[in-house]
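Reviewing the structure listed below.
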Amino acid sequence: MARSRKYSTAFIDEAKIHEWLKKTGNPEPARVREVIAKAREAQGLSPEETAVLLQVEDDELLAEIFAAAREVKERIYGRRVVIFAPLYLSNYCINSCTYCGYRRRNQEITRRKLSQEEIAEQTRILIDMGHKRVAIEAGEDPRMAPIEYILESIATIYRTTSGRNSIRRVNVNIAATTVEEYRLLKEADIGTYILFQETYHRETYRRVHPAGPKADYDWHTTAMHRAMEAGIGDVSVGVLFGLYDYRFEVLALLLHAAELERVFGAGPHAVSVPRLREAAGVDLNNFPYLLSNRDFRKVVAIIRLALPYAGLILSTREKPEDRDELIALGVSQMSAGSCTGVGGYRRPGGEEKAVEERTEQFTVHDNRSHDEVVRSICRVGYLPSYCTACYRSGRTGPDFMRLAKPGRIQELCLHNAILTFKEYLLDYASPQTRAIGEEVIAQQLSTIADEKLRLLTQERLQRIEAGERDIYF
Ligand code: SAM
Ligand code: SF4
(Lines give C-alpha, C1' and ligand atoms only; values in the text may rest on other atoms or scores of the structure.)
(Ligands and ions follow the chains in the order given, each with its own letter.)
Protein backbone atom coordinates (compact mmCIF):
# COMPACT_ATOMS: atom_id res chain seq x y z
CA MET A 1 0.00 0.00 0.00
CA ALA A 2 1.56 3.29 -1.11
CA ARG A 3 1.42 5.80 1.72
CA SER A 4 0.82 9.32 0.42
CA ARG A 5 2.38 12.04 2.61
CA LYS A 6 0.05 14.83 1.58
CA TYR A 7 -0.84 15.90 5.13
CA SER A 8 1.57 16.99 7.85
CA THR A 9 1.35 16.34 11.59
CA ALA A 10 2.86 19.73 12.41
CA PHE A 11 -0.46 20.69 14.00
CA ILE A 12 0.47 18.51 16.98
CA ASP A 13 2.84 21.13 18.34
CA GLU A 14 4.33 19.37 21.38
CA ALA A 15 6.44 22.35 22.43
CA LYS A 16 3.35 24.56 22.46
CA ILE A 17 1.39 22.02 24.52
CA HIS A 18 4.18 21.82 27.11
CA GLU A 19 4.35 25.61 27.17
CA TRP A 20 0.58 25.90 27.84
CA LEU A 21 0.84 23.35 30.62
CA LYS A 22 3.81 25.12 32.17
CA LYS A 23 2.21 28.54 31.94
CA THR A 24 -1.05 27.42 33.55
CA GLY A 25 0.42 25.29 36.37
CA ASN A 26 -1.25 25.82 39.75
CA PRO A 27 -3.73 28.43 38.44
CA GLU A 28 -5.32 31.17 40.54
CA PRO A 29 -8.92 30.30 41.54
CA ALA A 30 -10.10 33.55 39.94
CA ARG A 31 -8.60 32.53 36.59
CA VAL A 32 -10.19 29.06 36.85
CA ARG A 33 -13.59 30.62 37.55
CA GLU A 34 -13.17 32.98 34.61
CA VAL A 35 -12.62 29.98 32.30
CA ILE A 36 -15.56 28.11 33.83
CA ALA A 37 -17.80 31.14 33.18
CA LYS A 38 -16.68 31.18 29.55
CA ALA A 39 -17.24 27.40 29.28
CA ARG A 40 -20.82 27.80 30.49
CA GLU A 41 -21.58 29.83 27.36
CA ALA A 42 -21.19 26.51 25.47
CA GLN A 43 -19.03 28.00 22.74
CA GLY A 44 -16.01 25.84 23.47
CA LEU A 45 -12.59 26.68 24.90
CA SER A 46 -9.17 27.43 23.47
CA PRO A 47 -6.35 24.99 24.30
CA GLU A 48 -4.85 27.50 26.74
CA GLU A 49 -8.15 27.93 28.58
CA THR A 50 -8.57 24.16 28.61
CA ALA A 51 -5.07 23.83 30.08
CA VAL A 52 -6.17 25.99 33.02
CA LEU A 53 -9.00 23.57 33.82
CA LEU A 54 -6.78 20.52 33.35
CA GLN A 55 -4.45 21.85 36.06
CA VAL A 56 -7.18 22.06 38.70
CA GLU A 57 -6.66 19.73 41.68
CA ASP A 58 -8.69 21.58 44.29
CA ASP A 59 -11.93 19.72 45.16
CA GLU A 60 -14.09 22.81 45.31
CA LEU A 61 -12.99 24.09 41.91
CA LEU A 62 -13.30 20.63 40.46
CA ALA A 63 -16.90 20.49 41.68
CA GLU A 64 -17.53 23.77 39.84
CA ILE A 65 -16.08 22.31 36.63
CA PHE A 66 -18.36 19.27 37.01
CA ALA A 67 -21.39 21.49 37.58
CA ALA A 68 -20.58 23.49 34.43
CA ALA A 69 -20.17 20.28 32.40
CA ARG A 70 -23.55 18.99 33.63
CA GLU A 71 -25.15 22.28 32.65
CA VAL A 72 -23.62 22.34 29.14
CA LYS A 73 -24.44 18.69 28.56
CA GLU A 74 -28.05 19.30 29.58
CA ARG A 75 -28.37 22.42 27.42
CA ILE A 76 -26.95 20.84 24.27
CA TYR A 77 -27.95 17.20 24.52
CA GLY A 78 -30.84 17.40 26.95
CA ARG A 79 -31.31 13.99 28.52
CA ARG A 80 -30.62 11.89 25.45
CA VAL A 81 -28.08 9.06 25.42
CA VAL A 82 -27.52 7.31 22.11
CA ILE A 83 -27.04 3.53 22.39
CA PHE A 84 -24.86 1.27 20.22
CA ALA A 85 -23.11 -2.10 20.32
CA PRO A 86 -19.67 -3.10 19.04
CA LEU A 87 -19.42 -6.05 16.66
CA TYR A 88 -15.97 -7.69 16.48
CA LEU A 89 -15.37 -9.22 13.06
CA SER A 90 -11.80 -10.49 13.27
CA ASN A 91 -9.00 -10.52 15.81
CA TYR A 92 -6.15 -11.30 13.42
CA CYS A 93 -3.64 -8.49 13.70
CA ILE A 94 -0.16 -7.80 12.36
CA ASN A 95 0.53 -4.95 14.78
CA SER A 96 2.28 -5.11 18.13
CA CYS A 97 0.42 -2.55 20.26
CA THR A 98 1.76 -3.36 23.71
CA TYR A 99 -1.59 -2.66 25.43
CA CYS A 100 -3.83 -4.84 23.25
CA GLY A 101 -4.87 -8.49 23.57
CA TYR A 102 -4.99 -8.79 19.77
CA ARG A 103 -1.33 -7.92 19.19
CA ARG A 104 0.52 -10.17 16.80
CA ARG A 105 2.67 -12.25 19.08
CA ASN A 106 0.08 -12.77 21.79
CA GLN A 107 -0.39 -16.55 22.07
CA GLU A 108 -2.95 -16.30 24.86
CA ILE A 109 -5.94 -15.73 22.58
CA THR A 110 -7.61 -17.80 19.90
CA ARG A 111 -7.62 -16.11 16.48
CA ARG A 112 -11.01 -15.97 14.82
CA LYS A 113 -12.59 -14.29 11.84
CA LEU A 114 -16.35 -14.37 11.27
CA SER A 115 -17.79 -15.76 8.05
CA GLN A 116 -20.58 -13.79 6.37
CA GLU A 117 -23.10 -16.31 7.74
CA GLU A 118 -21.76 -15.78 11.25
CA ILE A 119 -21.91 -12.00 10.79
CA ALA A 120 -25.56 -12.28 9.73
CA GLU A 121 -26.28 -14.38 12.83
CA GLN A 122 -24.47 -11.97 15.17
CA THR A 123 -26.40 -9.13 13.52
CA ARG A 124 -29.73 -10.90 14.06
CA ILE A 125 -28.87 -11.36 17.74
CA LEU A 126 -28.06 -7.65 18.06
CA ILE A 127 -31.28 -6.68 16.25
CA ASP A 128 -33.23 -8.96 18.61
CA MET A 129 -31.62 -7.21 21.58
CA GLY A 130 -33.09 -3.97 20.19
CA HIS A 131 -29.96 -2.44 18.67
CA LYS A 132 -30.10 -0.12 15.66
CA ARG A 133 -26.45 1.00 15.53
CA VAL A 134 -23.34 -1.11 15.53
CA ALA A 135 -19.66 -0.23 15.46
CA ILE A 136 -17.66 -2.88 13.64
CA GLU A 137 -14.18 -3.58 14.95
CA ALA A 138 -11.29 -5.53 13.47
CA GLY A 139 -7.59 -6.01 13.96
CA GLU A 140 -5.32 -4.90 11.11
CA ASP A 141 -4.45 -7.74 8.76
CA PRO A 142 -4.48 -7.11 5.00
CA ARG A 143 -4.45 -10.85 4.32
CA MET A 144 -7.09 -12.08 6.79
CA ALA A 145 -9.30 -8.97 6.92
CA PRO A 146 -8.67 -6.90 3.76
CA ILE A 147 -10.92 -3.98 2.82
CA GLU A 148 -13.00 -6.30 0.59
CA TYR A 149 -13.86 -8.40 3.66
CA ILE A 150 -14.83 -5.28 5.63
CA LEU A 151 -17.01 -4.01 2.76
CA GLU A 152 -18.72 -7.36 2.34
CA SER A 153 -19.35 -7.51 6.10
CA ILE A 154 -20.93 -4.03 6.09
CA ALA A 155 -23.22 -5.09 3.23
CA THR A 156 -24.16 -8.25 5.13
CA ILE A 157 -25.06 -6.28 8.25
CA TYR A 158 -27.22 -3.77 6.35
CA ARG A 159 -28.94 -6.57 4.44
CA THR A 160 -29.75 -8.68 7.50
CA THR A 161 -33.21 -8.40 8.99
CA SER A 162 -34.97 -9.98 11.92
CA GLY A 163 -38.73 -9.62 11.83
CA ARG A 164 -39.21 -6.18 10.34
CA ASN A 165 -36.16 -4.67 12.01
CA SER A 166 -32.60 -4.12 10.88
CA ILE A 167 -29.41 -2.28 11.80
CA ARG A 168 -29.75 1.26 10.50
CA ARG A 169 -26.24 2.57 10.93
CA VAL A 170 -22.87 0.81 10.76
CA ASN A 171 -19.92 2.74 12.19
CA VAL A 172 -16.48 1.42 11.38
CA ASN A 173 -13.38 1.18 13.58
CA ILE A 174 -10.56 -0.21 11.45
CA ALA A 175 -6.92 0.70 10.97
CA ALA A 176 -5.76 3.87 9.22
CA THR A 177 -5.85 3.48 5.46
CA THR A 178 -5.69 5.27 2.09
CA VAL A 179 -8.07 7.85 0.59
CA GLU A 180 -9.07 5.22 -1.99
CA GLU A 181 -10.13 2.75 0.71
CA TYR A 182 -11.93 5.44 2.69
CA ARG A 183 -13.87 6.23 -0.51
CA LEU A 184 -14.97 2.59 -0.64
CA LEU A 185 -16.16 2.82 2.97
CA LYS A 186 -18.07 5.99 2.12
CA GLU A 187 -19.72 4.23 -0.83
CA ALA A 188 -20.64 1.35 1.50
CA ASP A 189 -22.75 3.90 3.44
CA ILE A 190 -20.93 3.80 6.72
CA GLY A 191 -22.05 6.13 9.50
CA THR A 192 -18.98 7.31 11.38
CA TYR A 193 -15.39 6.32 10.75
CA ILE A 194 -13.76 5.77 14.14
CA LEU A 195 -10.03 5.68 14.80
CA PHE A 196 -8.36 6.23 18.14
CA GLN A 197 -5.10 8.05 18.14
CA GLU A 198 -4.16 6.01 21.25
CA THR A 199 -1.57 8.65 22.19
CA TYR A 200 -0.67 11.93 20.52
CA HIS A 201 2.71 11.91 22.27
CA ARG A 202 5.18 10.85 19.59
CA GLU A 203 7.73 9.23 21.88
CA THR A 204 5.10 7.22 23.78
CA TYR A 205 3.45 6.30 20.50
CA ARG A 206 6.75 4.90 19.26
CA ARG A 207 7.25 2.91 22.46
CA VAL A 208 3.79 1.29 22.56
CA HIS A 209 3.78 0.54 18.80
CA PRO A 210 7.15 -1.12 18.32
CA ALA A 211 6.36 -2.80 14.99
CA GLY A 212 3.79 -3.20 12.24
CA PRO A 213 2.08 -0.66 9.98
CA LYS A 214 0.54 1.16 12.95
CA ALA A 215 4.02 2.13 14.16
CA ASP A 216 3.97 4.99 11.62
CA TYR A 217 2.83 7.95 13.78
CA ASP A 218 2.47 10.37 10.86
CA TRP A 219 0.33 7.99 8.82
CA HIS A 220 -1.92 7.24 11.79
CA THR A 221 -2.27 10.87 12.90
CA THR A 222 -3.36 12.06 9.44
CA ALA A 223 -5.89 9.24 8.89
CA MET A 224 -8.87 11.49 9.60
CA HIS A 225 -7.63 13.98 7.00
CA ARG A 226 -7.71 11.21 4.40
CA ALA A 227 -11.11 9.95 5.57
CA MET A 228 -12.56 13.46 5.28
CA GLU A 229 -10.87 14.02 1.93
CA ALA A 230 -12.65 10.86 0.79
CA GLY A 231 -15.98 12.43 1.73
CA ILE A 232 -16.63 10.78 5.10
CA GLY A 233 -18.34 13.64 6.94
CA ASP A 234 -18.49 12.10 10.41
CA VAL A 235 -15.23 11.02 11.98
CA SER A 236 -14.70 10.01 15.58
CA VAL A 237 -11.36 10.50 17.31
CA GLY A 238 -10.18 9.26 20.68
CA VAL A 239 -7.32 8.78 23.09
CA LEU A 240 -6.57 5.56 24.92
CA PHE A 241 -6.34 7.17 28.33
CA GLY A 242 -3.61 5.65 30.47
CA LEU A 243 -0.78 5.59 27.92
CA TYR A 244 0.53 9.10 28.62
CA ASP A 245 -0.27 12.25 30.65
CA TYR A 246 -3.99 12.96 30.18
CA ARG A 247 -3.37 16.73 30.25
CA PHE A 248 -1.12 16.53 27.22
CA GLU A 249 -3.55 14.21 25.41
CA VAL A 250 -6.61 16.42 25.88
CA LEU A 251 -4.77 19.48 24.53
CA ALA A 252 -3.43 17.52 21.55
CA LEU A 253 -6.94 16.23 20.84
CA LEU A 254 -8.17 19.83 20.72
CA LEU A 255 -5.42 20.68 18.25
CA HIS A 256 -6.50 17.73 16.11
CA ALA A 257 -10.14 18.87 16.22
CA ALA A 258 -9.20 22.44 15.33
CA GLU A 259 -7.05 21.24 12.42
CA LEU A 260 -9.89 19.16 10.93
CA GLU A 261 -12.24 22.10 11.29
CA ARG A 262 -9.72 24.41 9.60
CA VAL A 263 -9.09 22.09 6.65
CA PHE A 264 -12.51 20.48 6.15
CA GLY A 265 -14.98 22.88 7.78
CA ALA A 266 -16.02 20.42 10.52
CA GLY A 267 -14.32 19.02 13.55
CA PRO A 268 -14.84 15.46 14.77
CA HIS A 269 -18.44 14.33 15.05
CA ALA A 270 -17.55 12.47 18.24
CA VAL A 271 -14.74 11.82 20.71
CA SER A 272 -14.21 8.47 22.42
CA VAL A 273 -12.67 8.20 25.86
CA PRO A 274 -11.50 4.59 26.16
CA ARG A 275 -9.51 3.91 29.31
CA LEU A 276 -6.76 1.31 29.37
CA ARG A 277 -7.99 -2.00 30.81
CA GLU A 278 -6.57 -5.43 31.58
CA ALA A 279 -6.16 -7.60 28.50
CA ALA A 280 -4.69 -11.03 27.76
CA GLY A 281 -0.93 -10.83 28.31
CA VAL A 282 -0.98 -7.14 29.24
CA ASP A 283 0.45 -6.12 32.62
CA LEU A 284 -1.03 -2.78 33.66
CA ASN A 285 1.93 -2.27 36.03
CA ASN A 286 3.94 -1.35 32.95
CA PHE A 287 1.77 1.71 32.35
CA PRO A 288 2.63 4.55 34.75
CA TYR A 289 0.00 7.01 33.48
CA LEU A 290 -3.19 5.13 34.44
CA LEU A 291 -5.97 7.52 35.43
CA SER A 292 -7.81 7.51 38.74
CA ASN A 293 -11.61 7.71 38.58
CA ARG A 294 -11.35 11.31 39.65
CA ASP A 295 -8.95 12.17 36.79
CA PHE A 296 -11.16 10.33 34.34
CA ARG A 297 -14.27 12.26 35.38
CA LYS A 298 -12.27 15.44 35.05
CA VAL A 299 -11.25 14.50 31.49
CA VAL A 300 -14.86 13.78 30.47
CA ALA A 301 -16.13 17.04 31.96
CA ILE A 302 -13.37 19.13 30.38
CA ILE A 303 -13.81 17.60 26.91
CA ARG A 304 -17.53 18.34 27.20
CA LEU A 305 -16.73 21.99 27.97
CA ALA A 306 -13.97 22.40 25.38
CA LEU A 307 -15.87 20.72 22.50
CA PRO A 308 -19.55 21.17 23.37
CA TYR A 309 -20.83 19.99 19.97
CA ALA A 310 -18.89 16.77 19.68
CA GLY A 311 -20.61 13.58 20.81
CA LEU A 312 -18.78 11.93 23.72
CA ILE A 313 -18.64 8.14 23.60
CA LEU A 314 -18.25 5.82 26.55
CA SER A 315 -17.81 2.07 26.31
CA THR A 316 -18.30 -0.88 28.63
CA ARG A 317 -14.68 -0.43 29.68
CA GLU A 318 -16.26 1.56 32.54
CA LYS A 319 -18.16 0.10 35.51
CA PRO A 320 -21.94 0.54 35.80
CA GLU A 321 -21.75 2.83 38.85
CA ASP A 322 -19.25 5.11 37.08
CA ARG A 323 -21.16 5.15 33.81
CA ASP A 324 -24.25 6.81 35.35
CA GLU A 325 -22.15 9.65 36.77
CA LEU A 326 -20.23 10.06 33.50
CA ILE A 327 -23.47 10.47 31.53
CA ALA A 328 -24.36 13.44 33.69
CA LEU A 329 -20.91 14.96 33.13
CA GLY A 330 -21.13 14.90 29.37
CA VAL A 331 -21.30 11.48 27.77
CA SER A 332 -23.83 11.42 24.92
CA GLN A 333 -23.36 7.92 23.46
CA MET A 334 -22.66 4.61 25.09
CA SER A 335 -22.39 0.96 24.23
CA ALA A 336 -24.62 -1.54 25.99
CA GLY A 337 -24.68 -5.30 26.33
CA SER A 338 -21.27 -5.40 24.67
CA CYS A 339 -18.98 -8.27 23.94
CA THR A 340 -15.39 -7.63 22.82
CA GLY A 341 -14.81 -11.18 21.60
CA VAL A 342 -15.19 -12.34 18.00
CA GLY A 343 -18.58 -14.03 17.55
CA GLY A 344 -19.33 -13.49 21.23
CA TYR A 345 -23.02 -12.55 21.11
CA ARG A 346 -25.29 -15.42 22.14
CA ARG A 347 -29.03 -15.88 22.27
CA PRO A 348 -30.40 -15.93 25.84
CA GLY A 349 -30.20 -19.53 27.00
CA GLY A 350 -28.11 -20.36 23.93
CA GLU A 351 -25.44 -23.04 24.20
CA GLU A 352 -21.97 -22.01 25.23
CA LYS A 353 -19.16 -23.13 22.98
CA ALA A 354 -17.93 -26.64 23.80
CA VAL A 355 -14.32 -25.44 23.87
CA GLU A 356 -13.73 -22.37 25.98
CA GLU A 357 -12.11 -19.87 23.63
CA ARG A 358 -10.56 -16.60 24.58
CA THR A 359 -11.04 -14.08 21.80
CA GLU A 360 -11.72 -10.79 23.56
CA GLN A 361 -9.61 -7.69 23.10
CA PHE A 362 -9.79 -6.40 26.65
CA THR A 363 -11.90 -6.93 29.76
CA VAL A 364 -15.37 -5.43 29.81
CA HIS A 365 -16.30 -3.80 33.15
CA ASP A 366 -20.04 -3.53 32.57
CA ASN A 367 -21.54 -6.96 32.04
CA ARG A 368 -25.18 -5.96 32.29
CA SER A 369 -27.56 -6.88 29.50
CA HIS A 370 -28.73 -4.25 27.04
CA ASP A 371 -32.15 -4.14 28.71
CA GLU A 372 -30.59 -3.64 32.17
CA VAL A 373 -28.41 -0.78 30.91
CA VAL A 374 -31.44 0.85 29.30
CA ARG A 375 -33.41 0.52 32.54
CA SER A 376 -30.64 2.03 34.61
CA ILE A 377 -30.31 4.98 32.17
CA CYS A 378 -34.05 5.59 32.66
CA ARG A 379 -33.70 5.33 36.43
CA VAL A 380 -31.28 8.25 36.49
CA GLY A 381 -33.71 10.28 34.38
CA TYR A 382 -32.10 9.94 30.95
CA LEU A 383 -33.64 8.96 27.63
CA PRO A 384 -32.01 6.16 25.61
CA SER A 385 -32.05 7.01 21.89
CA TYR A 386 -31.75 4.74 18.85
CA CYS A 387 -31.95 7.61 16.42
CA THR A 388 -30.03 7.42 13.13
CA ALA A 389 -31.94 10.19 11.36
CA CYS A 390 -29.14 12.69 10.69
CA TYR A 391 -26.93 10.22 8.93
CA ARG A 392 -29.81 8.80 6.90
CA SER A 393 -30.95 12.30 5.89
CA GLY A 394 -27.42 13.24 4.85
CA ARG A 395 -26.94 15.68 7.75
CA THR A 396 -23.26 14.93 8.37
CA GLY A 397 -20.00 16.90 8.72
CA PRO A 398 -20.41 20.68 8.17
CA ASP A 399 -24.17 20.30 7.41
CA PHE A 400 -24.73 18.72 10.83
CA MET A 401 -22.64 21.35 12.61
CA ARG A 402 -24.54 24.20 10.86
CA LEU A 403 -27.75 22.91 12.47
CA ALA A 404 -26.24 21.82 15.76
CA LYS A 405 -24.32 24.97 16.68
CA PRO A 406 -27.23 27.43 16.80
CA GLY A 407 -29.13 24.78 18.80
CA ARG A 408 -31.63 24.16 15.99
CA ILE A 409 -31.31 20.44 16.03
CA GLN A 410 -32.05 19.81 19.69
CA GLU A 411 -35.82 19.58 19.60
CA LEU A 412 -35.75 17.40 16.48
CA CYS A 413 -33.23 15.11 18.17
CA LEU A 414 -35.46 14.84 21.20
CA HIS A 415 -38.46 14.07 18.99
CA ASN A 416 -36.53 11.36 17.13
CA ALA A 417 -35.10 9.95 20.37
CA ILE A 418 -38.57 9.61 21.87
CA LEU A 419 -39.92 7.86 18.77
CA THR A 420 -37.04 5.39 18.50
CA PHE A 421 -37.11 4.65 22.23
CA LYS A 422 -40.85 3.97 21.95
CA GLU A 423 -40.05 1.38 19.26
CA TYR A 424 -37.54 -0.24 21.60
CA LEU A 425 -40.03 -0.36 24.47
CA LEU A 426 -42.73 -1.95 22.32
CA ASP A 427 -40.53 -4.42 20.47
CA TYR A 428 -37.84 -5.52 22.92
CA ALA A 429 -38.08 -4.20 26.49
CA SER A 430 -38.79 -6.27 29.57
CA PRO A 431 -42.00 -5.27 31.44
CA GLN A 432 -40.00 -3.42 34.14
CA THR A 433 -38.02 -1.46 31.55
CA ARG A 434 -41.18 -0.66 29.61
CA ALA A 435 -42.84 0.75 32.71
CA ILE A 436 -40.02 3.10 33.64
CA GLY A 437 -39.32 3.90 29.97
CA GLU A 438 -42.89 5.12 29.44
CA GLU A 439 -42.43 7.46 32.41
CA VAL A 440 -39.28 8.89 30.86
CA ILE A 441 -41.04 9.41 27.53
CA ALA A 442 -43.93 11.23 29.22
CA GLN A 443 -41.50 13.40 31.14
CA GLN A 444 -39.42 14.23 28.06
CA LEU A 445 -42.50 14.96 25.94
CA SER A 446 -43.48 17.63 28.42
CA THR A 447 -40.16 19.41 27.82
CA ILE A 448 -40.81 19.99 24.09
CA ALA A 449 -41.51 23.73 24.10
CA ASP A 450 -42.81 23.99 20.53
CA GLU A 451 -46.46 22.98 20.85
CA LYS A 452 -46.84 21.96 17.21
CA LEU A 453 -43.84 19.67 17.48
CA ARG A 454 -45.10 18.22 20.77
CA LEU A 455 -48.48 17.38 19.27
CA LEU A 456 -46.82 15.92 16.20
CA THR A 457 -44.63 13.73 18.43
CA GLN A 458 -47.70 12.52 20.31
CA GLU A 459 -49.49 11.73 17.08
CA ARG A 460 -46.47 9.79 15.83
CA LEU A 461 -46.20 7.88 19.10
CA GLN A 462 -49.75 6.70 18.51
CA ARG A 463 -48.86 5.61 14.97
CA ILE A 464 -45.95 3.59 16.40
CA GLU A 465 -48.27 1.99 18.95
CA ALA A 466 -50.56 1.09 16.05
CA GLY A 467 -47.64 -0.75 14.41
CA GLU A 468 -45.81 1.77 12.18
CA ARG A 469 -42.00 1.93 12.47
CA ASP A 470 -39.08 4.10 11.46
CA ILE A 471 -40.75 7.51 11.40
CA TYR A 472 -38.25 10.38 11.72
CA PHE A 473 -37.32 13.93 10.74
N1 SAM B 1 -7.23 -2.35 15.10
C2 SAM B 1 -7.78 -1.05 14.86
C3 SAM B 1 -7.01 -0.02 15.60
O4 SAM B 1 -6.18 -0.38 16.40
O5 SAM B 1 -7.20 1.15 15.34
C6 SAM B 1 -9.24 -1.06 15.18
C7 SAM B 1 -9.75 -0.95 16.53
S8 SAM B 1 -9.22 -1.84 17.91
C9 SAM B 1 -10.12 -3.30 17.68
C10 SAM B 1 -10.13 -0.81 19.02
C11 SAM B 1 -9.45 -0.01 20.08
O12 SAM B 1 -9.39 -0.77 21.25
C13 SAM B 1 -8.05 0.44 19.86
O14 SAM B 1 -8.00 1.59 19.08
C15 SAM B 1 -7.55 0.67 21.30
O16 SAM B 1 -7.65 2.03 21.67
C17 SAM B 1 -8.53 -0.10 22.14
N18 SAM B 1 -7.83 -1.03 23.03
C19 SAM B 1 -6.86 -1.90 22.73
N20 SAM B 1 -6.41 -2.50 23.85
C21 SAM B 1 -7.09 -2.01 24.89
C22 SAM B 1 -7.08 -2.21 26.31
N23 SAM B 1 -6.24 -3.07 26.87
N24 SAM B 1 -7.94 -1.51 27.07
C25 SAM B 1 -8.80 -0.65 26.53
N26 SAM B 1 -8.87 -0.41 25.20
C27 SAM B 1 -8.02 -1.06 24.39
FE1 SF4 C 1 -4.22 -4.67 16.43
FE2 SF4 C 1 -5.80 -2.53 16.91
FE3 SF4 C 1 -5.08 -4.21 18.89
FE4 SF4 C 1 -3.26 -2.65 17.83
S5 SF4 C 1 -5.12 -1.98 18.95
S6 SF4 C 1 -2.99 -4.83 18.27
S7 SF4 C 1 -3.90 -2.59 15.71
S8 SF4 C 1 -6.38 -4.67 17.13
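For the peptides 82-93, 3-14, the ranking by packing is 82-93, 3-14, with the highest mean count of neighbouring Cβ atoms within 10 Å listed first.
Determine, for each peptide in 136-142, 154-160, the mean count of other beta carbons within 10 angstrom over its residues, then list the peptides with the highest first. Each step should come with its number before you reach the end.
Values: 136-142: 21.3, 154-160: 18.3.
Ranked by mean Cβ neighbours within 10 Å, highest first: 136-142, 154-160.
Note on the chain: with charges restricted to the Cβ of Lys and Arg (+1) and Asp and Glu (-1), its dipole about the Cα centre is near 640 debye. Taking the alpha-carbon distance from Lys73 and a cut-off under 20 Å, which lysines remain once sequence neighbours fewer than 8 residues away in the same chain are dropped? Within the straight-line cut-off, Lys73 pairs with Lys38, Lys298, Lys405.
Shape class for the range 39-174, computed from the alpha carbon gyration tensor (a ≥ b ≥ c): oblate, with a/c not under 1.5 and a/b at or below b/c. Less than 17 Å apart at the alpha-carbon level, and either on another chain or at least 8 residues along: which lysines does that give for Lys422? Leaving aside lysines fewer than 8 places away in the same chain, those within reach of Lys422 are Lys132.
For the chain, what proportion of DSSP beta bridges, expressed in % and rounded to the nearest 5, is antiparallel?
Details: 4 of 33 bridges.
Of the beta bridges lying entirely in the chain, close to 10 percent run antiparallel.
Taking 28 Å as the straight-line reach from the Cα of Lys6, the lysines in range (excluding those fewer than 8 positions away in the same chain) are Lys16, Lys186, Lys214.
Remark: the range 73-390 carries 34 Å² of accessible area per residue (probe radius 1.4 Å; ligands, DNA and RNA excluded). Semi-axes of the equivalent ellipsoid of the range 220-302 are 27, 15, 10 Å, computed as sqrt(5λ) over the eigenvalues of the C-alpha gyration tensor in descending order. Taken as Cα centroids, the range 81-104 and the range 185-261 sit 15 Å apart, rounded to the nearest whole angstrom.
Charge tally for Leu184 (other residues, Cβ to Cβ under 13 Å; Lys, Arg +1; Asp, Glu -1): -3.
Give me the percent of the accessible area of the range 73-390 that comes from carbon and sulfur atoms, probe 1.4 Å, all protein chains in place.
Details: 5060 of 10700 Å².
It is 47 percent, rounded to a whole number.
The shape of the range 39-86 can be summarised by an equivalent ellipsoid whose semi-axes, obtained from the alpha carbon gyration tensor, come to 23, 13, 13 Å from longest to shortest. Restricting the calculation to Cα atoms, the range 284-350 shows an Rg/Rh of 1.06 when the hydrodynamic-style radius is the Kirkwood one.
Among the cysteines of the chain, those whose beta-carbon sits 4.7 Å or more from every other cysteine beta-carbon are Cys93, Cys339, Cys378, Cys387, Cys390, Cys413.
How do 424-436, 271-283, 225-237, 451-463 rank on mean C-beta neighbours within 10 Å, highest first?
On the way: 424-436: 16.5, 271-283: 19.6, 225-237: 22.0, 451-463: 13.4.
With the highest mean Cβ count within 10 Å placed first, the list reads 225-237, 271-283, 424-436, 451-463.
Our summary of shape: the Cα atoms of the range 73-390 have principal axis extents of 46, 46, 41 Å, ordered from largest down, in whole angstrom.
The values are calculated or read from the model by the stated rules, or taken from the named source; none is laboratory data. Given the structure is predicted, the values throughout are model-derived calculations rather than measurements. In this analysis, Cβ positions are derived from the backbone assuming ideal geometry, glycine residues included, and neighbour counts consider all displayed protein chains. Please note that ligands, DNA and RNA were not included when accessible areas were found on the heavy atoms of the full protein model with its side chains. Shrake-Rupley method; radii C 1.70, N 1.55, O 1.52, S 1.80 Å.
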